[in-house]
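A quick write-up on the structure given underneath.
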Amino acid sequence: MSSQHPRLLTGTATGRDSLLARYSRDMHRDMQQAALHRKTETAGETALMEVEVATKAKSDFIARMSHELRTPLNAIMGFAHILSHTHKADQRTQEYTGYIKEAAEHLLDTVNRMLDLSKIQAGSLVLARDSFHVEEIVPSAIQAVEEQARQRGIEIVTELAGDLGPIEGDAARIKQMLVNLLSNAVKFSHEGGLVRIGADMESEQLALSVADNGIGMTPSQVQAAVSPFGHGYAVSRRGHEGIGLGLAFCAAVIHLHRGRLDIRSTPGEGTVVTAHLPTKLTAHHGKQPPE
């Protein structure tokens with residue numbers, strides 16, 4: 001009887017050793033996993049910080065570049081205006097200074113859009129709180145593109161509902177958004193085409209639309225078009241110039257107003273872009289960058 005006890009005790013000790021070894025292995029594995037998790041978290045935090053630093057550097061660079069470009073561009077436009085109105089300016093001089101002023105204005109507009117888009121992405125752009133009627137901004141938006149439309153024989157018609165009422169938002173940026181939409185519609189329409197501007201109230205939101213019967217886009221081109229510096233249209237095939245800010249700027253402005261941008265497009269048939277904008281701004285509008 002007594003001769004069996006050592007074997008029982010020995011077996012028990014071996015079992016305890018086995019349990020301790022297994023526990024040690026599990027603990028070692030858990031420690032390795034915890035260390036790997038901490039390392040992954042640290043790498044993720046480092047990557048996020050690097051992205052934030054790069055975004056801030058990009059915004060700072062665009063802001064400085066915009067300032068450096070604005071000053072000479074304003075001087076160019078000013079002197080072009082003076083030259084075109086001097087009593088000694090002949091017809092050719094007036095024509096050339098007109099080209100200079102137009103080119104400088106186009107470049108200044110591009111710089112301003114880049115700066116605004118950078119501010120929107122950084123979450124630092126605060127919207128103005130204007131109360132206005134959309135009928136007030138449509139004529140000046142049309143005027144901004146009417147020469148471009150006239151040269152290509154494109155007609156621009158308005159179809160505005162009669163009971164729109166006032167809306168609250170950043171009137172200057174909503175007007176610029178409309179100019180961008182009109183410019184795209186004219187640029188990518190066929191010669192002799194038709195561009196329609198529509199406005200109506202839908203579910204207590206303003207639905208402002210621009211429609212054309214131009215070259216249209218595929219779904220993948222639409223997705224690219226709303227990305228900064230993306231070209232949804234077949235730019236290289238059509239030979240159109242641009243840096244791909246138009247629709248991206250529009251999408252960002254609508255996002256800040258807590259609105260929605262809808263794009264319906266069919267290749268070879270045309271595009272309808274509709275901005276759905278709330279009639280009232282809330283306190284948090286203009287504080288967050290687009291996702």
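What follows is calculated from the coordinates using simple rules that are stated; it is not laboratory data. Here the structure is a predicted model, which is why all the values come from computation and not from measurement. As a convention, Cβ positions derive from the backbone with ideal geometry for all residues, glycine included, and neighbour counts pool all protein chains shown.
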If each of Ile82 and Val53 carries a label point 7 Å out from its Cα toward its Cβ, how far apart are those two points in nm?
4.6 nm
Sparse-neighbourhood loop sites, trypsin sites (Lys or Arg not before Pro) in the stretch 64-103 - DSSP loop, at most 13 other Cβ within 10 angstrom:
Lys88
Fewest-first sequence of Thr271, Thr86, Thr97 by Cβ atoms within 10 Å of each Cβ
Thr86, Thr97, Thr271
In the stretch 132-222, which GluC sites (Glu not before Pro) fall in coil by DSSP and have 15 or fewer other Cβ atoms within 10 Å?
Glu191, Glu204
Net charge (Lys, Arg +1; Asp, Glu -1) of residues whose beta-carbon lies under 10 Å from that of Ile154, Ile154 excluded, is -1
Expressed as a whole number of Å, what is the distance separating the alpha-carbon centroids of the stretch 69-113 and the stretch 149-181?
26 Å
Which whole-percent values make up P(r) of the stretch 165-223 when all C-alpha to C-alpha distances are grouped in 10 Å steps starting at zero?
19, 44, 30, 7
Using modelled amide H (1.01 Å from N, peptide plane; none on Pro or chain starts), what sits under 5 Å from the amide H of Leu206, excluding residues fewer than 5 places away?
Leu277, Thr279
Label the stretch 127-226 by shape, choosing from rounded, prolate and oblate, from the square roots a ≥ b ≥ c of the eigenvalues of the Cα gyration tensor; if a/c is under 1.5 it is rounded, and otherwise prolate applies when a/b is larger than b/c, oblate when it is not.
prolate
Of the listed pairs Lys119/Lys187; Lys119/Lys175; Lys101/Lys175; Lys39/Lys119, those with alpha carbons more than 25 Å apart are Lys119/Lys187; Lys39/Lys119
